[in-house]
Amino acid sequence: MKKTIGVIGFIACFAVCVSAYCYAPALDKAVKLLLENDYYAAIDECNQLERSLIGSDKAELLYVKGECFSSLGKYEKARDFLKQAINYAEGEISTKIYIAIADTYFMQHGYDKAISIYKQLLDNNTDYEAALLFKLGKAYQRNSKWTKSKYYFNKLAKKYPQSLEMGIVKKSSVGGNFFTIQVGCFSNQGNAEKLRKDLLAKGYSVFVTPFQSNGSKLFRVRVGEYVSLIAAEHKELELKNIEHLPTHIFP
């Protein structure tokens, strides 16, 4: 669950980039399957096309294939295909490929490598500025570098207040320089309070935060405030293995 929910922001940014880019007509089916989350079918489609595509079309195919493996959590294999894609890439697709490579490092907790690539792309006046500001904010946040994280999120808010990326920041923010672990989300406040009391009795620092979603009021149950990701992950293992709760870490 953590792996799936934890990359929602990155997947949302990626989907916008994919839909906004014009691929070779031969790749239409593979791109459609990718956007429908049918990753294995998309990979099969790419494999069938691989021998027939050359040049920039080959770069696009390898990029789509790389993103499929990345979405499946196979980041090293994804990176192999993405690095191959660079050899054939021209123009806009090059930026997308480098972003995807950086994303694979981010997902493997290689935040310094990811940050280095994101910053190089941002310095080159890329058209993907909003996405890169968001990704830099998240990478610094995950690295517990709160001042730098805040700098990039503030820059995003100032330059792109109505962007998809800013919407993700607003929706996921918990309003503090810490990590917390979500262990439940309920439409019934009584159920949220019951879980809170159960965990409180076991010695956990736990709180309930209400929020609005599509006109409905929901209640999140969250545990702890941790200044480092390592500390949050250690406590998350306890909540998963001992309390058998679904967990997700929020910065």
Completion exercise
So, relative contact order of segment 179-250 in percent, Cα under 8 Å, 6 or more apart, is 44 percent
Exercise for the section: Give the span of segment 100-227's Cα atoms along each principal axis, as three whole-Å numbers ordered largest to smallest. Expected result: 52, 32, 24
Practice task
Could you check the simple spin-label distance between K202 and K113, using points 7 Å along Cα→Cβ, in nm with one decimal?
Solution key: 3.6 nm
Fill in the blank from the handout: FRET efficiency (W146, A41; Cβ distance; R0 51 Å; to 0.05) is 0.80
Problem - Cα centroid separation - segment 135-155 against segment 193-251, whole Å - result: 23 Å
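Would you work out the relative contact order for the chain, in percent, from Cα pairs under 8 angstrom that are 6 or more residues apart?
Over the chain, the number comes to 15 percent.
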Exercise for the section: Among Q212, G184, I242, pick out the residue whose Cα is farthest towards the positive end of the charge dipole of segment 179-250, where Lys and Arg carry +1 and Asp and Glu carry -1 on C-beta, about the Cα centre. Expected result: Q212
Practice task
Highest first, please rank the peptides 47-58, 27-38, 207-218 by the mean number of other Cβ atoms sitting within 10 Å of their residues.
Solution key: 27-38, 47-58, 207-218
Completion exercise
Rounded to one decimal in nm, the spacing of the 7 Å Cα→Cβ label points at H244 and E90 is 5.9 nm
Problem - Degrees separating the helix 146-159 axis from the principal Cα axis of the chain, which is the longest one - result: 60 degrees
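What is the extension gain from N125 to Q212, computed as 0.36 nm multiplied by their sequence separation minus the C-alpha to C-alpha distance, in nm to one decimal?
Working: separation 87, 0.36 × 87 = 31.32 nm, distance 3.64 nm.
Length difference between fully extended and current span is 27.7 nm.
Convex hull over the alpha-carbon atoms of segment 179-250: what's its volume per residue in Å³?
Numbers: hull volume 5.6 nm³, N = 72.
It is 78 Å³ per residue.
Under the classification rounded if a/c is under 1.5, otherwise prolate if a/b is larger than b/c and oblate if not, where does segment 61-139 fall, given a ≥ b ≥ c as square roots of the Cα gyration tensor eigenvalues? Don't skip to the answer; put the middle values down first.
On the way: a/c = 2.01, a/b = 1.16, b/c = 1.73.
Taking the square roots of the gyration eigenvalues as a ≥ b ≥ c, segment 61-139 is oblate.
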Handout entry: Members of K32/K74; K32/K148; K197/K240 lying beyond 26 Å, as alpha-carbon distances in this model show
Key = K32/K148
Problem - Debye, to nearest 20: dipole size of segment 184-251, +1 on Lys, Arg Cβ, -1 on Asp, Glu Cβ - result: 240 debye
Handout entry: Cα-derived Rg over Rh, computed across the chain with Rh taken as Kirkwood radius
Key = 1.01
Problem - J(HN,Hα) series, segment 94-106, from Karplus relation 6.51 cos²θ - 1.76 cosθ + 1.60, nearest Hz, glycine and proline x - result: 4, 4, 4, 5, 5, 4, 5, 4, 4, 4, 5, 5, 4
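Treating the beta-carbon of each Lys and Arg as +1 and of each Asp and Glu as -1, no other charges, what is the dipole magnitude of the chain about its Cα centre, to the nearest 20 debye? Kindly include the intermediate steps, with their values, before the conclusion.
Numbers: 34 positive and 26 negative charges, 218 e Å.
Dipole of the chain, to the nearest 20 debye: 1040 debye.
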Fill in the blank from the handout: Any residue on another chain or 5+ positions along whose placed amide H is under 5 Å from the amide H of G184 is listed here as V221
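Report the charge-dipole magnitude of segment 139-210 in Debye, nearest 20, computed about the Cα centre from +1 at each Lys and Arg Cβ and -1 at each Asp and Glu Cβ.
Numbers: 13 positive and 3 negative charges, 72 e Å.
Using Cβ point charges on Lys, Arg, Asp and Glu, segment 139-210 gives about 340 debye.
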Fill in the blank from the handout: Tilt, helix 189-201 to longest principal axis of the chain (alpha-carbon atoms), in degrees rounded to tens, equals 70 degrees
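All of the numbers you see were taken from the coordinates with simple rules; none came from a lab. From a predicted model like this one, the values you see are computed outputs, not experimental measurements. Here Cβ is always computed from backbone atoms with ideal geometry, including for glycine, and neighbour counts include all displayed protein chains.
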